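Take a look at the structure set out below.
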Amino acid sequence: MIWLMDIARFIFRPLYWLAGKVFSLWARPTVQPDSPAELYADTDAQICYVLETGGLADILALERACARHGLPSPRESFEYCGKRFSRRLVVLRPFKGFLFRRPVTGGSRRLRSLVEAGDGSAEDLQLVPVAIYWGRSPDREDSAFKLFFAENWDVASRTRKFFATLLHGRNTLMWFSHALPLNSIIQEKLTADIAFRKVSRILRVHFRKRRTATVGPDLSNRRRIARLVALSPNVRRVIEAEAGDDPKKLAAAERRVQKYVMEIAADISWPAIRIAVRILRRLWNQIYDGIELGHTERLREVAKEKVVVYVPCHRSHFDYLLLSYICYEQSVQLPHIAAGINLNMPIVGPILRRGGAFFLRRSFRGNRLYAAVFDAYLNQLLTRGYTIEYFVEGGRSRTGRLLSPKGGMLAMTVGSYIQNPRRPVVFVPVYFGYEKLIEGGSFISELGGAEKRKESLLGLVQSIKSLRENFGRVYVNIGEPIELDHMLDTVQPDWRNLPSGNGERPPWLNEVVEKLGGEIMAGINAAAAVTPISLLAYVLLATPKQTIGAAELRGQLQLSLDLLRNFHYSDSVTVPDWSPDEIIAHGEKLNAISRTSHPMGDVIHMTESTAVLLTYFRNNILHLLAVPASVACCFIQGRELPLAELQRLIRLIYPFMRKELCLQWPEDEIDDVTRDAVDALVAQGLLIRHKRRRVLERPRAGSADAYQLMMLGQSMVPMLQRFYLVIAILVQHGSGTLTRARLEQMCQLSAERLSMIYELHSPDFFNKTLFHDFIRKLQEQDVLRRNEDGLLEFDDDIVDIGTDARLVLGEQIRHSILSLTVAEDQLDQ
């Protein structure tokens, strides 16, 4: 028998070598993590690899990866507990038969031998699960093609693996996982048979979770989803309520259900995704200098056992493509993306749908059946474990600030989960930071009063022309995950024991949605990426005419970088490791700034149109230094201020700052945050602390430090001017004379005129939404109240705010605001 084995080795060894050479020419799997050897560097125990199903292609791929990363070969022998094993490889689900493959009964014999050998021994063995995904696409239910190419279809596996290797050899993922110490299970005083079954079960569960996290659950085609949605209890209730006992109405309602599902549902196509990935790689390389990723390890951590809902900020239409591309490159499940029905246009719509987009109408009002169908579809995605992505802002931000969260999708997600909490749901905030936007020009036009352009195929073709420009870098940061269970336990601790009802949302759901929306927006801002262009915008837009000396610009950029590091907003914020000169050179490269030479020192400036565009990028990071800048504001008009008085002033305006900038700190923590900001400014030499008098003092007038402090404070002045404008108009007209709509209109017109007088190159200064949110916050704070006639009433305390404004706003700007309110009053009369 031994001599037969020797002959077999002699015959098959050259064939194996030849197969390996041919394989290496075509198949080039992507290995995750990038350096798998680091996972096992801290152990002296023997390593044995575990494959799920094995096969020649898997073994060749594993051997090649091990050789490339300095790991032991899976084909080499090793000794464990005094027994020698011919290979460092276990196949968890082995098959037998040459033409007709069928599972081996009893599981892996080698794994059983390893468990038996280690029984009663202190020697350890590290089992290393290695998952290999040829083409890394999930299975599609009810698909005949699955017979040959699906990842885990057992029948005709040799044929399937051959074609999978041939077709997807260069689109294959190999994932090395953390090792499972075999000794930790054997030492639990289990019999060898029970220990073997336990190890097998642990490995099976691991491979199943890894597959779901990486490629997702089985895909259902739209017709199957339509059938499941039509059978949803809530959909049936709505159909019965609308149709009653009329068979014709019942049939018509069911046809509408099918129509709505076809309109809504994604229709993922992996061939289309692979083509799209190749196109996107070329596109990113053509228009961007690179994609900077931050905290991507969080993607893999949360995807293991939870349903992930990505909730990114919405800056550009590229957002839809960017996150899916990153998920693909990071080897995690691609999301189903909620997209507005306006994007379901010819050519573009079908492409997006095959990439994972599902479409929803802007409003569900007046159509109960559509709302029920969409809710049932979302429930199907969540219960099946699909990753989802949607933008809680609803639309793209035109100002660079985050918009107030819309509760519709959040309410449907939370409502679906509490009806059927099978798998935990986690929300993952994602921050997108661009240095240049394709839509930048249209955003500014819309802020200036132009009508929003409707998306169309012609508009898309026109925007493609701009792709020849250089758009700098793209920054993507993954924020801290938000556990839905924890949020529900905080608001309604006994939510699991409450009756689910008849599809009706519980009354406490609104509180959960509001709290969740606030945490998501704060989480997005807490993961902000500071870009070189946003830093330049932050500094230059604080100057009177967006012009500054090169030396002063370098100093202010360095100050901003130091403050961002010393006044620590969040561990998730990323700051470029660039020098001020590198930042300036980058701005010149992207034509964001220009330089004029002068014997006394170069001057850096930007054009009026560029200044308007760059307000967007300044607003991206305005929140990070909002508190230090507000402190600096309080020293623009005065030289000294007691710490207690400074904290009172910041405490007064903080609720409104927090609303506008989605700041992360609760109101009861702002005194401590103000103290931290003061410490950072004192450390930079911008404030002087007198400990005996507990008084803060700015540097002497005319000094470089005083200039830097004034420049820092200027970034918050426009916001405070808007606040003061609202108060001034209210006081001028008196309590109980204005409706909220009239007040918002007057504020917008006054701010627009003020912007023209002082040449404030910032369309968001007179943005109606900002005034709307400020006035609404005044009502929430009970500063304003609406009477029975719908008019706004207030107490005399509001006048004190005008007195405090003198500490911050200059006399000239206050006089202009007051004169505007008088002029409006006369115009009304």
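The values are calculated or read from the model by the stated rules, or taken from the named source; none is laboratory data. Keep in mind the model is a prediction, meaning the values are calculated, not measured. Glycine also receives a Cβ, built like all others from the backbone with ideal geometry; neighbour counts cover every protein chain displayed. Areas reflect the complete protein model, heavy atoms only, side chains present, ligands, DNA and RNA absent. Shrake-Rupley method; radii C 1.70, N 1.55, O 1.52, S 1.80 Å.
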Which residues, counting only those in the stretch 732-754, are open to solvent by less than 50 Å² (accessible area, probe 1.4 Å), under 30 Å from L541 (Cα atoms) and not aliphatic (A, V, I, L, M)? E744, C747, S750
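Has the stretch 719-731 got at least one residue that is in a helix (DSSP H, G or I), open to solvent by 50 Å² or more (accessible area, probe 1.4 Å) and modelled with pLDDT under 90? Write out each step before concluding.
From the stretch 719-731, those in a helix (DSSP H, G or I) are 719-731; that's our starting set.
In the following step, the residues that additionally are open to solvent by 50 Å² or more (accessible area, probe 1.4 Å) were identified as 731.
From the residues that got through so far, the ones that are modelled with pLDDT under 90 too are 731.
Checked the stretch 719-731: at least one residue is in a helix (DSSP H, G or I), open to solvent by 50 Å² or more (accessible area, probe 1.4 Å) and modelled with pLDDT under 90.
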Somewhere in the stretch 362-381, is a residue in contact with a strand residue (DSSP E or B) (Cβ under 6 Å, 6 or more places away or on another chain) and surrounded by fewer than 21 Cβ atoms within 10 Å (Cβ to Cβ)? no
Output yes when any residue across the stretch 736-746 is out of contact with any helix residue (DSSP H, G or I) (no Cβ under 7 Å at 6 or more places or on another chain) and farther than 22 Å from I817 by Cα, and no when none is. no
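Do we have K515 as of a type outside the set (G, A, S), open to solvent by 50 Å² or more (accessible area, probe 1.4 Å) and more than 27 Å from the chain's Cα centre (by Cα) here?
Answer is no for this residue.
Would a scan of the stretch 253-266 turn up a residue that is modelled with pLDDT under 85, of a type in the set (F, W, Y), more than 18 Å from I524 (Cα to Cα) and not in a strand (DSSP E or B)? Full working, then the answer.
First pass over the stretch 253-266, keeping only residues modelled with pLDDT under 85: none.
Taking every residue of the stretch 253-266 in turn, none turns out to be modelled with pLDDT under 85, of a type in the set (F, W, Y), more than 18 Å from I524 (Cα to Cα) and not in a strand (DSSP E or B).
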Residue in the stretch 352-361 that is nearest to A230 (Cα to Cα), counting only those that are surrounded by fewer than 21 Cβ atoms within 10 Å (Cβ to Cβ) and touching a residue at least 40 places away in the same chain (Cβ under 8 Å): F359
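Just wondering, is there one or more residues in the stretch 114-135 that are among the small types (G, A, S), within 39 Å of the chain's Cα centre (by Cα) and either modelled with pLDDT of 75 or more or within 24 Å of P33 (Cα to Cα) (or both)? Can you show your working first?
The first filter runs over the stretch 114-135 and keeps only residues among the small types (G, A, S), leaving 117-118, 120-122, 131, 135.
Next cut, within 39 Å of the chain's Cα centre (by Cα) only: 131, 135.
From what is left, the residues that are either modelled with pLDDT of 75 or more or within 24 Å of P33 (Cα to Cα) (or both) are 131, 135.
Yes: the stretch 114-135 contains one or more residues that are among the small types (G, A, S), within 39 Å of the chain's Cα centre (by Cα) and either modelled with pLDDT of 75 or more or within 24 Å of P33 (Cα to Cα) (or both).
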The lone condition P271 fails out of (1) open to solvent by less than 60 Å² (accessible area, probe 1.4 Å); (2) within 17 Å of H336 (Cα to Cα) is (1)
Filter result for the condition that a residue is more than 28 Å from V682 (Cβ to Cβ), touching a His at 6+ places or on another chain (Cβ under 6 Å) and of a type in the set (A, V, I, L, M, F, W, C), over A611, A592: A611
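What tally of residues in the stretch 520-551 results from selecting those that are assigned to a helix (DSSP H, G or I) and not β-branched (V, I, T)?
Start the filter on the stretch 520-551 by keeping residues that are assigned to a helix (DSSP H, G or I), which leaves 520-526, 532-540, 550-551.
Next, only the ones that are not β-branched (V, I, T) stay: 521-523, 525-526, 532, 534-538, 540, 550-551.
Residues that pass the stated criteria total 14.
Which of the residues that make up the stretch 732-747 are assigned to a helix (DSSP H, G or I) and out of contact with any strand residue (DSSP E or B) (no Cβ under 7 Å at 6 or more places or on another chain)? Break it down into steps so the answer makes sense when it comes.
Residues of the stretch 732-747 that are assigned to a helix (DSSP H, G or I), as a first pass: 732-733, 740-747.
Selection gives Q732, H733, A741, R742, E744, Q745, M746, C747.
Out of all the residues in the stretch 44-65, is one or more touching a residue at least 12 places away in the same chain (Cβ under 8 Å), of a type in the set (D, E), buried (at least 19 other Cβ atoms within 10 Å of the Cβ) and closer than 16 Å to S184 by Cβ? First the steps, then the outcome.
Looking only at the stretch 44-65, we keep the residues that are touching a residue at least 12 places away in the same chain (Cβ under 8 Å), and these are 45-65.
Narrowing further to those that are of a type in the set (D, E): 52, 58, 63.
Narrowing the set further to residues that are buried (at least 19 other Cβ atoms within 10 Å of the Cβ) leaves 52, 58, 63.
Checking which are closer than 16 Å to S184 by Cβ leaves us with none.
Within the stretch 44-65, none of the residues are touching a residue at least 12 places away in the same chain (Cβ under 8 Å), of a type in the set (D, E), buried (at least 19 other Cβ atoms within 10 Å of the Cβ) and closer than 16 Å to S184 by Cβ.
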When the stretch 762-794 is checked residue by residue, the ones that are open to solvent by 40 Å² or more (accessible area, probe 1.4 Å), touching a residue at least 60 places away in the same chain (Cβ under 8 Å) and not in a helix (DSSP H, G or I) are Q781
Let me spell it out: the conditions are (1) out of contact with any helix residue (DSSP H, G or I) (no Cβ under 6 Å at 6 or more places or on another chain); (2) more than 27 Å from T296 (Cβ to Cβ); (3) of a type in the set (K, R); (4) part of a helix (DSSP H, G or I), and R595 meets all of them except one. Which number is the exception? (4)
Of the residues in the stretch 562-573 that are open to solvent by 40 Å² or more (accessible area, probe 1.4 Å) and under 14 Å from I621 (Cα atoms), the one that is modelled with the lowest pLDDT is H568
Output for Cβ contacts, cut-off 6 Å, separation at least six or different chains, first residue more than 19 Å from R362 (Cβ to Cβ) in the stretch 333-349, second buried (at least 23 other Cβ atoms within 10 Å of the Cβ) and of a type in the set (V, I, T), reads Q333/T387; P335/T387
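In the stretch 27-43, how many residues are of a type outside the set (S, T, N, Q), assigned to a loop (DSSP other than H, G, I, E, B) and either surrounded by 18 or more Cβ atoms within 10 Å (Cβ to Cβ) or over 28 Å from the mean Cα position of the chain (by Cα) (or both)? Step through it out loud before you land on a result.
The first filter runs over the stretch 27-43 and keeps only residues of a type outside the set (S, T, N, Q), leaving 27-29, 31, 33-34, 36-42.
Remaining after also requiring assigned to a loop (DSSP other than H, G, I, E, B): 27-29, 33-34, 41-42.
Checking the rest, the ones that are also either surrounded by 18 or more Cβ atoms within 10 Å (Cβ to Cβ) or over 28 Å from the mean Cα position of the chain (by Cα) (or both) come to 27-29, 41-42.
The qualifying residues number 5.
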Looking only at the stretch 286-308, how many residues end up being over 21 Å from A529 (Cβ atoms), modelled with pLDDT of 85 or more and open to solvent by less than 20 Å² (accessible area, probe 1.4 Å)? 1
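Going through the stretch 333-351 one residue at a time, which ones are open to solvent by 30 Å² or more (accessible area, probe 1.4 Å) and either within 17 Å of K406 (Cβ to Cβ) or modelled with pLDDT under 85 (or both)? Break it down into steps so the answer makes sense when it comes.
Restricting attention to the stretch 333-351, the residues satisfying the condition of being open to solvent by 30 Å² or more (accessible area, probe 1.4 Å) are 341-342, 344, 346-347, 350-351.
Residues satisfying the conditions are I341, N342, P346, I347.
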Taking the stretch 482-512 and keeping only residues that are open to solvent by 10 Å² or more (accessible area, probe 1.4 Å) and β-branched (V, I, T), one is left with I482, T490, V491
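Quick one: how many residues across the stretch 194-216 are at pLDDT below 85 and more than 26 Å from L381 (Cα to Cα)? Can you show your working first?
From the stretch 194-216, those at pLDDT below 85 are 208-216; that's our starting set.
Then keep just the ones that are more than 26 Å from L381 (Cα to Cα); that gives none.
Qualifying residue count for the region: 0.
Could you identify the single residue in R227, R256, R197 that is out of contact with any Gly (no Cβ under 9 Å at 6 or more places or on another chain), basic (K, R) and surrounded by 14 or more Cβ atoms within 10 Å (Cβ to Cβ)? Quick ask: steps written out before the conclusion?
Values: R227 fails: surrounded by 14 or more Cβ atoms within 10 Å (Cβ to Cβ); R197 fails: out of contact with any Gly (no Cβ under 9 Å at 6 or more places or on another chain).
Exactly one residue qualifies, and that residue is R256.
Is it the case that F656 is hydrophobic (A, V, I, L, M, F, W, C), touching a residue at least 24 places away in the same chain (Cβ under 8 Å) and surrounded by fewer than 22 Cβ atoms within 10 Å (Cβ to Cβ)? It would help to see each step written out before you state the result.
On the way: hydrophobic (A, V, I, L, M, F, W, C): yes; touching a residue at least 24 places away in the same chain (Cβ under 8 Å): yes; surrounded by fewer than 22 Cβ atoms within 10 Å (Cβ to Cβ): yes.
So F656 fits the description; yes.
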